[in-house]
1. Which condition from (1) in a strand (DSSP E or B); (2) modelled with pLDDT under 80 is the one that Phe7 breaks?
2. Ala264 is checked against (1) over 14 Å from the mean Cα position of the chain (by Cα); (2) within 17 Å of Leu121 (Cα to Cα) and fails just one. What number does that condition carry?
3. Report yes if Gly294 is closer than 27 Å to His152 by Cα and surrounded by fewer than 18 Cβ atoms within 10 Å (Cβ to Cβ), otherwise no.
4. Going residue by residue through segment 68-90, is there one that turns out to be of a type in the set (Val, Ile, Thr) and at pLDDT below 90?
5. Out of Arg127, Arg131, I need the residue that is at pLDDT 90 or above and surrounded by fewer than 17 Cβ atoms within 10 Å (Cβ to Cβ). Which one?
6. Tell me which of these Asp243 doesn't satisfy, since it passes every other one: (1) of a type outside the set (Ser, Thr, Tyr); (2) under 17 Å from the mean Cα position of the chain (by Cα); (3) at pLDDT 95 or above.
7. Ala165 is checked against (1) within 16 Å of Arg260 (Cβ to Cβ); (2) out of contact with any helix residue (DSSP H, G or I) (no Cβ under 8 Å at 6 or more places or on another chain) and fails just one. What number does that condition carry?
8. What is the residue count in segment 307-330 for residues that are assigned to a helix (DSSP H, G or I), under 30 Å from Asp123 (Cα atoms) and out of contact with any Lys or Arg (no Cβ under 9 Å at 6 or more places or on another chain)?
Amino acid sequence: MAMILHFKPRLSIRQLFFLACLFVGTVAMGQQYKGTYWHNGSTFITVLDENDSAIVTVEGNLHEGGNAQSWAKAEVPGDFLRPNQIGNAWTDTIIHYNDLIIRKTIGGQECLLVYGRTRTLEDILLRYDGRSANNWYEQSHGFDSVLEADIHRQIEGTYRDGLEAWRITHDSILIYSLSSLPGQPHRSYAYSIRWGETDMPEHVLTLSDGRNLCYKLTAEGLDFYHGIIHVEENDLEWITRGDLLCQLHKTGLDNQVPGRWPEASTMLLTRGYLEAYPSEVLRLISNEIFARHGSAFSDSKLTAFFQSEGSWYSTAMSNPTLDQLSDIEELNLQLIGAVEKERKPARANR
């Protein structure tokens, strides 16, 4: 007669389930990065391969790329990375040897925070989910839409120029006369963003009537210039600013989050986005974050600027919340500071 032995399990069903989940999670952690795409608003990084100790990446923009790098993983996968091999020495890379890269999710946006040698924030890489399986450097991958989205975010809005109101949307410019009853615009143009020979968007809008308008982001809004076309013998074409066409004052400030640059409090910004602004505007963007929390400024020009923007600043000052800066705001302030620091002329050695 066969003897049937019954073994009492030493682990409960709940404990076994936990161990199974832990095993699956550990396996999944080994492939956290492979096939992911990241960008800083101008340069893109693709993770080509991954193993238990490192990931292999390639970096470039829409015109040039192929700069391979290797990042070592920390003991806790997904916690942080440290570059251990940089590609071609002659290329300008996002990541450097002494950088520390920490992966986080801030405000629902997955990102890589890049800290430099002194452990100050140097860059923010945002996760991008590609829409095709084409080669990483091709525009059809959708990276071009990331860059165009930044431009639209910067120029869309309602403006005023003398007796005219301008409404700039994602694909059209509508101009209304303020001296007549509201209605249909008396001038309207479709426009497209001009891409240069380096496959990067320029600060030039090509209108449906064939004109090219160069624009400059200002504290007041937008300055438009006539675009002058230059053509070399090899048919290389570029556009420079001509005469000033108009200076637009932005009036569409009825955002749910008040101010001219509400995105500084609602989403993680990138270097590519910030570097499009002159230094005086970067100063206003960072101080607008504090203004939304009711900060009082010792600089009378800052106070006058925000008071001229409407009642939202006075309302914020009546109930200051300076101790409640969000993680998004804190990181954006640090990144703006890094961009501003790089623009300052190096001090002479003493």
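1. That leaves (1) as the condition not met.
2. Failing condition for Ala264: (1).
3. Details: closer than 27 Å to His152 by Cα: no; surrounded by fewer than 18 Cβ atoms within 10 Å (Cβ to Cβ): yes.
So Gly294 does not fit the description; no.
4. So far as segment 68-90 goes, yes, one or more of its residues are of a type in the set (Val, Ile, Thr) and at pLDDT below 90.
5. On the way: Arg131 fails: at pLDDT 90 or above.
Going through Arg127, Arg131 in turn, just one is at pLDDT 90 or above and surrounded by fewer than 17 Cβ atoms within 10 Å (Cβ to Cβ): Arg127.
6. Condition (2) is where Asp243 drops out.
7. Failed condition: (1).
8. Summing the residues that are assigned to a helix (DSSP H, G or I), under 30 Å from Asp123 (Cα atoms) and out of contact with any Lys or Arg (no Cβ under 9 Å at 6 or more places or on another chain) in segment 307-330 gives 5.
The values are calculated or read from the model by the stated rules, or taken from the named source; none is laboratory data. All values derive from a computational prediction rather than experimental measurement. Virtual Cβ from ideal backbone geometry, glycine too; neighbours counted across all protein chains shown.
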